[in-house]
Amino acid sequence: MRGTKYLSELVNTEMFQTDKLNVIKAPTGSGKTYFALKTIAGSLPDATHKSVYLIDTVNGQQQILKNYGAQAIYGDWEEEVDEKWISFEDNSQIVVITYAKFGVILGKNPDFHQRFDYIICDELPSLFKFEYYSPKPNIHSSAHDGIERAVRNGRTKVIALSATPESIKKRFKAPFYEVPFDDKDLIQYETKEIILYTNLYYLMSTFDTSETGICYTSHITDMKQFESEVRKMGLNPISIWSIRNTENPMTQEQLDVRREILDNFTLPEKYNFLIINASSETSLKIKSHVDYVIVNSKTEETQIQVRGRVNNDLSRLYLPSTETDELVVPEEFLARRLFTEDKNKLCDILNQRNEYGRRYSWPSIRERLIESGYSIVDGRSHNLRYATIFSPAE
């Protein structure tokens with residue numbers, strides 16, 4: 001760890017402005033949550049002044065509610081939202097809700113944002129990511145629009161706290177104010193070594209099974225497959241994703257692990273490999289010992305956020321190689337007929353994705369393999385199409 005001071009010791013809240021989005025870069029370990037919930041909300045003069053703390057995931061929301069001394073106080077808008085007011089200071093009120101819930105409320109009451117003296121946005125870039133996937137009506141777009149209107153209303157101070165604030169300026173249509181503070185003494189966790197990899201499965205086969213790690217991959221299908229594979233390698237994995245995913249409900253075992261992390265910031269000792277996706281990409285904190293983190297994404301923003309889930313210095317951070325676009329095909333897929341099932345499995349293993357996290361299917365993978373030097377011969381057997389891949393050396 002480097003630095004000696006937290007955000008609460010360095011940032012002067014009196015500098016916040018209306019009519020602009022107040023942006024603060026808040027890296028891992030800098031005391032972002034305490035600053036938001038204690039320093040900012042605690043500066044309100046009395047209970048007639050209110051703040052809302054917007055967070056991207058239910059996991060992060062519940063961890064805050066559990067671990068920051070929250071006491072339930074029902075507000076005068078209880079009928080509009082099924083969340084509770086919570087108080088962190090005797091003379092102030094702040095509510096913690098997700099961006100999604102904020103968007104739902106704004107859909108019912110477009111002026112809801114006018115109620116607050118402060119709107120504190122935790123990891124605002126995540127709102128833009130969820131906005132891309134949000135179904136119709138797009139509640140994340142509604143939240144986005146409401147925050148922009150709050151910036152312009154002339155009375156609400158809107159603060160964005162993020163470890164990766166650069167993308168905010170690209171997507172947020174409002175004036176910015178980068179809150180000045182001397183960050184040379186700001187406390188931050190360190191990463192001792194960053195290691196690039198080209199094949200996730202081959203990477204894991206080289207690991208010491210006595211170590212503890214965290215792996216991020218975006219889709220539940222990949223999480224399940226990866227969990228199965230690393231268990232064969234001798235690790236003790238567990239996956240957690242959103243409790244609101246009705247198509248893939250978590251088991252009681254997964255729910256118990258999730259609860260342990262949310263309540264106590266620890267991964268249970270019986271597991272040494274935690275697999276997470278976007279539902280835990282931000283906000284969630286783990287303070288128990290972790291040796292390494294693997295991020296199965298080439299997006300720098302995701303890499304920074306996932307590493308930030310470990311609230312300690314980290315020995316090793318594994319990132320997919322960006323120095324080359326060449327793909328490495330496992331030997332068992334070379335020089336043999338690959339039918340549809342085989343092609344799909346190879347796509348799963350190579351796990352190549354576009355900028356929005358969607359995995360490339362066989363036609364795109366085929367094209368990229370050829371670009372990487374492989375030759376591919378297509379054929380048909382009993383009216384079934386197949387492809388045979390030959391390595392560049394053949």
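Every read-out reported here was derived from the displayed coordinates using simple, explicitly stated rules and does not represent laboratory data. Because the structure is predicted, anything quoted here is derived from the model rather than measured. Ideal geometry is used to build each Cβ from the backbone, glycine not excepted, and the neighbour counts take in all protein chains shown.
Dipole orientation for the chain: of the candidates ILE97, ASN344, MET223, ASN344 has the Cα lying most toward the positive pole (charges on Cβ; Lys, Arg +1; Asp, Glu -1). Pairs of Cα atoms nearer than 8 Å and 6+ residues apart set the relative contact order; for the chain it is 18 percent.
Measuring r between the beta carbons of ASN153 and TYR132 and using R0 = 35 Å, the FRET efficiency lands at 0.85. Between LEU196 and GLU166, the simple label model (points 7 Å from Cα in the Cβ direction) yields a spacing of 1.6 nm. With 30 Å as the limit, the listed pairs LYS192/LYS345; LYS136/LYS169; LYS20/LYS287 have LYS192/LYS345; LYS20/LYS287 beyond it between alpha carbons. Simple point charges give the picture: +1 on the Cβ of Lys and Arg, -1 on the Cβ of Asp and Glu, and for the chain a dipole about the Cα centre of about 640 debye. A full extension of the chain between GLU332 and HIS289 corresponds to an added length of 11.9 nm, given 0.36 nm per residue minus the alpha carbon distance. The calculated FRET efficiency for SER228 paired with SER375, based on their beta-carbon distance and R0 = 45 Å, is about 0.90.
Structural descriptor for segment 182-316: relative contact order 35 percent, calculated from alpha carbon pairs under 8 angstrom and at least 6 residues apart. Applying 1/(1 + (r/R0)^6) with r as the Cβ-Cβ distance of ASN67 and THR251 and R0 = 25 angstrom yields a FRET efficiency of 0.55. What separates the Cα centres of segment 332-391 and segment 212-234 is a distance of 22 Å. For the pair GLN114 and SER361, the difference between a 0.36 nm per residue extended length and the Cα-Cα distance amounts to 84.3 nm. Distance between Cα centroids, segment 1-62 to segment 117-173: provide it in whole Å. Taking the Cα centre of each part, segment 1-62 and segment 117-173 sit 15 Å apart. Dividing the summed helix terms, -39500 (n - 2.57) for each DSSP H run of n ≥ 4, by the number of residues in the chain produces a 222 nm estimate of -8000 deg cm²/dmol to the nearest 500. Shape verdict for segment 203-334, please, from the Cα gyration tensor: rounded (a/c under 1.5), prolate (a/b greater than b/c) or oblate. Rounded. Ranking GLY42, LEU327, SER242 by how far each Cα lies toward the positive end of the dipole of the chain (charges on Cβ) leaves LEU327 at the top. Site pair SER205 and GLU14 shows an inter-label distance of 6.3 nm when each label is modelled 7 Å from Cα along Cα→Cβ. The mean sequence separation of alpha-carbon pairs under 8 Å and at least six residues apart, normalised by the residue count of segment 210-257, gives a relative contact order of 25 percent.
Think of the chain as having a plus end and a minus end, set by charges on the Cβ of Lys, Arg, Asp and Glu; of THR28, ALA387, LEU284, ALA387 sits farthest toward the positive end of this dipole.
Legend: residue pairs LYS170/LYS224; LYS5/LYS25; LYS101/LYS129; LYS184/LYS298, Cα-Cα distance threshold 26 Å; pairs beyond threshold, LYS170/LYS224; LYS184/LYS298.
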